[in-house]
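Read the structure below first, then the notes.
Bear in mind that the values in this text are calculations on the coordinates, not laboratory data. Remember, predicted model here, so these are calculated numbers, not experimental data. Virtual Cβ from ideal backbone geometry, glycine too; neighbours counted across all protein chains shown.
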Amino acid sequence: MHVSDPIEILIKEHEEGTHYLQQLHIASMYISQSGFSFDAFMKLGEAIRFIDNELRTHNEKEEQYLFPLLERHVGNPVRTMLEEHRELWKLFARIRQCVEDIEEGRIYATTVKELVVASDQLYELLLNHINKENEVLFPMAKAMLTQEEYEQLKESLLGVSIRTAG
C-alpha cells in the first residue's frame, strides 16, 4: 500500500518509531530488573540505531517541511515541538555515550544505571511527544494548512520519504 498523504506518512513513521521505543523500553526494563545481559543490550542497541537514523530523519523532515508551513498559522505549538526535539536529542546523546562506554569496555559503577534511567526518560518523553504530534499538531496541520501548503508539504515529503510503502 502506497501512502501519499503527507500527514499519514508522518504518522506511519511514528508507528514504526513507537515499535522501536517499545523495544527500547522492554530491554531497559529487563536490564533494570534482571541485570545486564548481552541480548537485552543488543535489543537496546538496535532500537537506539533506529532512533538515531530513522527518527532523526523524521524530525528533520518535520523541522524542514511541516513546521515552517504550520508556523505561519500558529507559532507557539511549533516552537514547543522544536524545543522538545532539542531536549530529546540531548537526552539521546547521553544514551549514546553510555552505549559507547559499554561497547568500549568503559563500564563505570553508574554506566548501566544511567543507561537505564536515560532510556526510560527517552521512552516517556518521546512517546508523549509522538502522541502530541499525532493528536494535536497533525490534526492542526490538516485543519490550518491551505491546499497549496498541503500540496507543498506532500511534494516535499514524498521527495525525501524512504518509507512510504506499507
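Report, by residue number, each residue of segment 106-120 that is exposed (fewer than 15 other Cβ atoms within 10 Å of the Cβ) and of a type in the set (A, V, I, L, M).
Within segment 106-120, ILE107, ALA109 qualify.
Kindly state which helices (runs of 4 or more DSSP H) lie completely within segment 37-105 and contain at least 1 residues that are without any contact (Cβ under 8 Å) to a residue 60 or more places away in the chain, surrounded by fewer than 18 Cβ atoms within 10 Å (Cβ to Cβ) and among the aliphatic types (A, V, I, L, M).
38-50, 76-103
Which residues, counting only those in segment 72-98, are hydrophobic (A, V, I, L, M, F, W, C) and either closer than 17 Å to MET140 by Cβ or within 18 Å of the chain's Cα centre (by Cα) (or both)?
VAL74, VAL78, MET81, LEU82, LEU88, TRP89, LEU91, PHE92, ALA93, ILE95
The rows are residues; the columns are (1) among the aliphatic types (A, V, I, L, M); (2) surrounded by 15 or more Cβ atoms within 10 Å (Cβ to Cβ); (3) without any contact (Cβ under 8 Å) to a residue 40 or more places away in the chain.
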| residue | (1), (2), (3) |
| --- | --- |
| ILE130 | yes, yes, no |
| GLU135 | no, no, yes |
| MET144 | yes, no, no |
| GLY159 | no, no, yes |
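For segment 5-26, which positions are farther than 25 Å from SER156 by Cβ and either touching a His at 6+ places or on another chain (Cβ under 9 Å) or in contact (Cβ under 8 Å) with a residue 60 or more places away in the chain (or both)?
LEU21, LEU24, HIS25
Which of the residues that make up segment 106-155 are among the hydroxyl-bearing types (Ser, Thr, Tyr), closer than 23 Å to HIS73 by Cα and either within 16 Å of the chain's Cα centre (by Cα) or part of a helix (DSSP H, G or I) (or both)?
Listed by number, the list holds a single entry, TYR150.
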